[in-house]
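This report concerns only the one structure given below.
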């Protein structure tokens, strides 16, 4: 009888433990498919750089990381979808500087404050590039000429108020020079104009001038990055040359507001490992990008700097942006 009572008591104690909610061991995150929303088209800059990272994360975690392109409105449609998605950790997305600048061009714009930053993965720096036949061998040559001949130096851009125009205006303001800004329909036409010798220079970002730097048809006098580019170690940054300007685009990962900090930490750590992978780094460099990993705190400062730069252009220089 005593033996029966002991067994019954053991059963009751076990039942009581479960009834009071003793937690079972939680499954490691992520345990199922993770969606990555890209607010731009297949084959675009962000798509090209995101897919190999998604594949790396899939192999690392052992669950699918499914890329979904949601283009429209210059990134507005997909960015708003990221903001409005469930914050359960199974939907993340990408962001770039256009998410910040959209407020100046879109009637309904995404807000970077409505997402959780995870990590920056690449920088796409603007440049100071001239034709290989240019008389300017150094940035100082170019600036001294521009100061002696205000407005004479012609600079090709991708349209009034578009990105390359913004980079050129920022460069001019920081360098204290006046230039003649020549608008073209896009990057390709602006680069072609420089190749043809129709303009003196451009601030077009690195990926679009890189092929002509490699072929010897163009010369980069400076790069508007925070640090020198691994592919061009002999080209100084603007900051090294005394011009406080870091210009260009960036790309990184975000999650809907309220996503668990633990999940964000897990993704941040994994993405950092992905960017450090030699194969990923080689791919990104080969595509003309500058791999730059920044965790969420450092990424927040990069976004804040971008907001300050845009505010300066709008409120100090009176620039009106367009969506390119």
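Summary of values
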read-out: Unmet requirement for residue 262, which otherwise passes all of (1) under 30 Å from residue 89 (Cβ atoms); (2) surrounded by 18 or more Cβ atoms within 10 Å (Cβ to Cβ); value: (2)
read-out: Condition met for residue 132 (at pLDDT 95 or above, surrounded by fewer than 22 Cβ atoms within 10 Å (Cβ to Cβ) and over 21 Å from residue 244 (Cα atoms)); value: yes
read-out: Which listed residue, of 42, 13, 34, is farther than 14 Å from residue 110 by Cβ, more than 17 Å from the chain's Cα centre (by Cα) and at pLDDT 85 or above; value: 34
read-out: Count - residues of region 183-202 that are in a loop (DSSP other than H, G, I, E, B) and more than 16 Å from residue 141 (Cα to Cα); value: 7
read-out: Members of region 64-98 that are under 15 Å from residue 33 (Cα atoms) and either in a strand (DSSP E or B) or without any contact (Cβ under 8 Å) to a residue 24 or more places away in the chain (or both); value: 65, 66, 67, 68, 91, 92, 93
read-out: Residue within region 228-238 that is at pLDDT 95 or above, closer than 19 Å to residue 51 by Cβ and in contact with a helix residue (DSSP H, G or I) (Cβ under 8 Å, 6 or more places away or on another chain) present; value: no
read-out: Every residue from region 272-299 that is part of a helix (DSSP H, G or I), over 12 Å from residue 123 (Cα atoms) and within 14 Å of the chain's Cα centre (by Cα); value: 275, 296, 298
read-out: Candidate set from region 289-305 (those that are more than 14 Å from residue 264 (Cα to Cα) and touching a helix residue (DSSP H, G or I) at 6+ places or on another chain (Cβ under 9 Å)); member that is surrounded by the most Cβ atoms within 10 Å (Cβ to Cβ); value: 289
read-out: Residue 37, sole failed condition from (1) out of contact with any helix residue (DSSP H, G or I) (no Cβ under 9 Å at 6 or more places or on another chain); (2) outside any loop (DSSP other than H, G, I, E, B); (3) free of Cβ contacts under 8 Å to residues at least 60 places away in the same chain; (4) more than 19 Å from residue 284 (Cα to Cα); value: (1)
read-out: Residues of region 228-250 satisfying the condition of being free of Cβ contacts under 8 Å to residues at least 40 places away in the same chain, assigned to a loop (DSSP other than H, G, I, E, B) and within 15 Å of residue 123 (Cα to Cα); value: 228, 232
read-out: Given (1) assigned to a loop (DSSP other than H, G, I, E, B); (2) farther than 19 Å from residue 287 by Cβ, number of the condition residue 102 does not satisfy; value: (1)
read-out: Selection status of residue 155, in contact (Cβ under 8 Å) with a residue 60 or more places away in the chain and crowded, with 19+ Cβ neighbours inside 10 Å; value: no
read-out: Tally of residues being surrounded by fewer than 17 Cβ atoms within 10 Å (Cβ to Cβ) and in contact with a helix residue (DSSP H, G or I) (Cβ under 7 Å, 6 or more places away or on another chain) across region 306-324; value: 3
read-out: Counted residues, region 56-99 - those being at positive phi and within 17 Å of the chain's Cα centre (by Cα); value: 2
read-out: Meets criteria (part of a loop (DSSP other than H, G, I, E, B) and either free of Cβ contacts under 8 Å to residues at least 12 places away in the same chain or over 23 Å from residue 286 (Cβ atoms) (or both)) for residue 216; value: no
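Okay, residues lined up against (1) touching a residue at least 60 places away in the same chain (Cβ under 8 Å); (2) over 30 Å from residue 52 (Cα atoms); (3) part of a helix (DSSP H, G or I):
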position	(1), (2), (3)
122	yes, no, no
144	no, yes, yes
147	no, yes, yes
167	yes, no, yes
172	no, yes, yes
181	no, yes, no
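The values are calculated or read from the model by the stated rules, or taken from the named source; none is laboratory data. Keep in mind that what you see is a predicted model, and the values were worked out from it rather than measured. FYI the Cβ positions are ideal-geometry reconstructions off the backbone, even for glycines, and counts take in every protein chain you see.
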